[in-house]
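S.K.: Just passing along the structure, written as structure tokens.
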Amino acid sequence: MQRLKRTAENNNMPSFQDAPTSSLMDQACAWRRDFHAHPELGYHEHRTSEQVARLLESFGLTVTRGVGGTGVVATLQRGTGPAIGLRADMDALPMQENSGLAHASTHDGCMHACGHDGHTTVLLATAQHLCEATDFTGTVHFIFQPAEETGAGARRMIEDGLFEQFPMQAVYGLHNWPGLRQGSLAVNPGAMMASQDTFNILIQGSGSHAAMPENGIDPIVVATQLVSALQTIVSRRISPLDAAVLSVTMIEAGTAYNVIPHTATIRGTVRCLSRDVRSRIQEMIATMVNTLPSAFGATGTVAFREGYPVTQNDPACAERVRDVAASILGAENVRWDTRASMASEDFAYMLQSCPGAYFWLGADGAEASRPLHHPAYDFNDALIPVGVRLFCGILKSYQAASVHQT
Ligand SMILES: [Zn+2]
Ligand SMILES: [Zn+2]
């Protein structure tokens, strides 16, 4: 925090390059704890989005409600300069909190275990900080999205015209990241998070008496062969330098000791870090399912459900985040070229539609943060001013560039 010094040339005029004031931070902590105490699941963020919209209006911003369900977009336009989007997610998880905190969830079976209460607060505080500054020029779209966890809220906002209604040159998002030290940031110029797809395979055999297998075609034997064969896709067909995971997580067949079942089902998930590997793995699964069972006299069919795509940073935007973070946090606190996570993130949809970057903010204070999705997880409030400084630094970098060009 020692690095968060005043930078205004004229100390009497609030600059968006200043560290946010302690009164704004106190207020922001109160918002964050209120959001934490009142978590809402994807597309049900009614209270949260209304609070967000009212606060944004109280800052003097133009606010559009109902973008992609419960999504909210607020716009700050001052003078000329590029339009930049900043995004936060608002949804909580369907799980019971056991933190014992004073601001613990008051909603049974629902909690902010991923820190989206904190992301929402960082963006709100950034909006207020910018509105109070006298030296900001340009356009910012503050994007508060619903349903990041599994509901593809980002995609729904895009389908609802996010980028047509609010044209922007680039879009940025962050996630708090346990395992990284507070005051540090990680980003890379490519994939930050994996794609996430699921598959359902149906093996059609022929049921018979278990004591007379010659009268049927056993789908369980075919299913076990197929599971083994599927494991060769990542281990034998994909380069060891391309990350991918194929996990079979469910096998279902049979109802009795003495019956060979008629069918078997296999379900699982695939995670990849590139679009090319993702489509090749889909093709290889389809080929195996369509051909291997026939060698046993059975047939197989597969249905894929495509989930979130790869969260793929635009290299220039990622470099911008790196450089801004180095100037604010110190180069020694920036992890460049960080390894991707095999988890997924629906900001990926925004990055498919608009250049931008997604980065992780270190969440470990004096004590290590609990992992994301832990029942006692609580967002580290010390990250709020860091997030505000970084978002403002990114905006400043565009302002500096546009002044340069004129
Ligand atoms: Zn999460
Ligand atoms: Zn999250």
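Since every read-out is calculated from the coordinates, none of them should be taken as a lab result. Model, not experiment: these values are computed from the prediction. Cβ sites come from the backbone with ideal geometry, for glycine too, and all protein chains shown count toward neighbours.
S.K.: With runs of 4+ DSSP H residues as the only contributors, calculate the mean residue ellipticity of the chain at 222 nm using -39,500 (n - 2.57) per run, divided by the residue total and rounded to the nearest 500.
M.R.: -10500 deg cm²/dmol, from helical runs alone.
S.K.: Provide the net charge surrounding Val122, with neighbours chosen by a C-beta distance below 13 Å and charges set as Lys +1, Arg +1, Asp -1, Glu -1.
M.R.: Overall, the nearby charge balance is 0.
S.K.: Let me ask something additional. Considering the Cα trace of the chain, what is its radius of gyration and what is Dmax, both in angstroms?
M.R.: Values for the chain (Cα only, Rg and Dmax): 24.6, 91 Å.
S.K.: What dipole magnitude, in Debye to the nearest 20, does region 195-306 give about its Cα centre under +1 on Lys/Arg Cβ and -1 on Asp/Glu Cβ?
M.R.: Dipole of region 195-306, to the nearest 20 debye: 320 debye.
S.K.: Right, another one. Hey, what angle do you get for helix 275-291 against the long axis of the chain, alpha-carbon based, 0 to 90 degrees rounded to 10?
M.R.: That helix lies at roughly 10 degrees to the long axis.
S.K.: What does the charge count near Phe347 come to, summing +1 for each Lys or Arg and -1 for each Asp or Glu among other residues with Cβ under 15 Å from its Cβ?
M.R.: Around Phe347, the surrounding residues sum to -4.
S.K.: Same structure, new question: What whole-number value in cubic angstrom gives the convex hull volume per residue for the C-alpha atoms of region 195-306?
M.R.: Expressed per residue, the convex hull around the Cα atoms of region 195-306 is 85 Å³.
S.K.: Sticking with this structure for a sec: Tell me the net charge near Ile203. Cut-off is 13 Å between Cβ atoms, Ile203 excluded, with +1 for each Lys or Arg and -1 for each Asp or Glu.
M.R.: In short, -1.
S.K.: How tilted is helix 116-132 with respect to the longest principal axis of the chain? Cα atoms for both, answer in degrees (0 to 90, nearest 10).
M.R.: 30 degrees
S.K.: Continuing with this model, one more query. For region 138-151, in order, what is each residue's ³J(HN,Hα) by Karplus, 6.51 cos²θ - 1.76 cosθ + 1.60 with θ = phi - 60°, in whole Hz (x at glycine and Pro)?
M.R.: x, 10, 10, 9, 8, 10, 10, 9, x, 6, 6, 4, 9, x
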